[in-house]
1. Tell me which residues, restricted to segment 186-244, are closer than 30 Å to Pro138 by Cα and of a type in the set (S, T, N, Q).
2. Taking the condition of being out of contact with any Lys or Arg (no Cβ under 8 Å at 6 or more places or on another chain) and either among the hydrophobic types (A, V, I, L, M, F, W, C) or touching a residue at least 24 places away in the same chain (Cβ under 8 Å) (or both), how many residues in segment 86-98 meet it?
3. Sort out for me the strands (runs of 3 or more DSSP E) sitting completely within segment 111-227 that have 1 or more residues that are at pLDDT below 95 and either closer than 23 Å to Pro80 by Cα or of a type in the set (S, T, N, Q) (or both).
4. Give segment 228-259 a look and list any residue that's in contact with a strand residue (DSSP E or B) (Cβ under 6 Å, 6 or more places away or on another chain) and not in a helix (DSSP H, G or I), or say none.
5. Of the residues Gly273, Gly198, Gly219, only one is surrounded by fewer than 16 Cβ atoms within 10 Å (Cβ to Cβ), in contact (Cβ under 8 Å) with a residue 12 or more places away in the chain and in contact with a helix residue (DSSP H, G or I) (Cβ under 8 Å, 6 or more places away or on another chain); which?
6. When you check Ala9 against the structure, is it modelled with pLDDT under 95, touching a helix residue (DSSP H, G or I) at 6+ places or on another chain (Cβ under 9 Å) and either within 17 Å of Arg91 (Cβ to Cβ) or in a loop (DSSP other than H, G, I, E, B) (or both), yes or no?
7. Could you tell me which of the residues Phe51, Phe24 is over 16 Å from Glu131 (Cβ atoms), out of contact with any strand residue (DSSP E or B) (no Cβ under 9 Å at 6 or more places or on another chain) and at pLDDT 85 or above?
8. Only one of Leu253, Leu232, Leu297, Leu282 is assigned by TED's automatic domain parsing to the domain that holds Ser186, buried (at least 18 other Cβ atoms within 10 Å of the Cβ) and under 22 Å from the mean Cα position of the chain (by Cα). Can you tell me which?
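The values are calculated or read from the model by the stated rules, or taken from the named source; none is laboratory data. As the structure is a prediction and not an experimental result, all values here were calculated from the model. Glycine gets a Cβ as well: all are built from the backbone with ideal geometry, and neighbour counts include every protein chain shown.
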Amino acid sequence: MRTLQMQTALSRTRCAPTSKRDQFVLLSLAKYHFLTVEQVARLHYGKSENFVGQRLAEFARGKLLARQELSVPRLNGNRPYVYCLGNTGRRYLETQGFEVGKRLHHSPRHPHKYSGLDHTLTLNDFLISLELFCRAHPRCSITRLVHERTFKQQGSYDRVAVQVGDAPEEQLSVQPDAWVEITTPSGPQWLTVEVDMGTETQTHWRKKIRGLVAWLHEGYQQRFGTRETLLLVLAIPGEAHRCTLEQWTRAELELLRCERLASRFLFTHVHPGKVPHDSMCLKPVWYSLSERAPTALFMP
């Protein structure tokens, strides 16, 4: 009898949310686009990963969600399932009056590539840290968020014209991995986020910095209504790579004669999926181009 009950539980299908928490899960997937069981558990269930895994599997069987298994282990040496909204989940949110972006093309025959998914999941680890930080500190709140997938879906990223010295003018597209506006007791703070998984060459990275610098002068204020931002760089492969990205960024700022922007850049090599959210936000794990000692992202 017990075996039969277990098999029934494992094969259960859910075609609609049955609680507010279920709805929150769908809304989180609409916001973050891709999440693992561990990430959903952190956001909404604490540490109940076994329960969350079963719940998400039930949603996937009911087409509320779609999922695929990562082709390479991530973080804890396992290959987790990665979930996104399914067609039924999208329709449910739309009937409830929530806006969702364009449908992600997911198919078992054409799975999303590991490199792109891991990059998005790492970005989401950081954004989840910010969300949990704001929950723990009610005087802080995320008031606006633009995700990398939103930039791509809308095709609304900016283009800037850049000319360095006597070199020909080049048109560069600027597409940050995320942009976040956070309200804090000391006032609003704006974050432009870049995640690098160790795949950038010096040429490509410096061109990205060139585009960001031009964007701060040209299109940034028009898009977001402010001239202020911190440019956060998560150098995930480790400390050595963080130092390399710092060197490349400093060299590009010197070439552009924009050394004054050095204080806007903060780098970390701490993986946001491996530490508590307060460690990412309140511990001195961020390195500036203009200061030797690491600093915290927010003051406690």
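1. Residues of segment 186-244 that are closer than 30 Å to Pro138 by Cα, as a first pass: 186-195, 220-236.
If the condition is that a residue be closer than 30 Å to Pro138 by Cα and of a type in the set (S, T, N, Q), then Ser186, Gln189, Thr192, Gln221, Gln222, Thr226, Thr229 are the ones that fit.
2. 4
3. 141-147, 170-174, 178-184
4. Scanning segment 228-259 gives Glu228, Thr229, Leu230, Leu231, Leu232, Val233, Leu234, Ala235.
5. Gly198
6. Details: modelled with pLDDT under 95: yes; touching a helix residue (DSSP H, G or I) at 6+ places or on another chain (Cβ under 9 Å): yes; either within 17 Å of Arg91 (Cβ to Cβ) or in a loop (DSSP other than H, G, I, E, B) (or both): no.
No: the conditions fail for Ala9.
7. Result: Phe51 is the single residue among Phe51, Phe24 that is over 16 Å from Glu131 (Cβ atoms), out of contact with any strand residue (DSSP E or B) (no Cβ under 9 Å at 6 or more places or on another chain) and at pLDDT 85 or above.
8. Leu232
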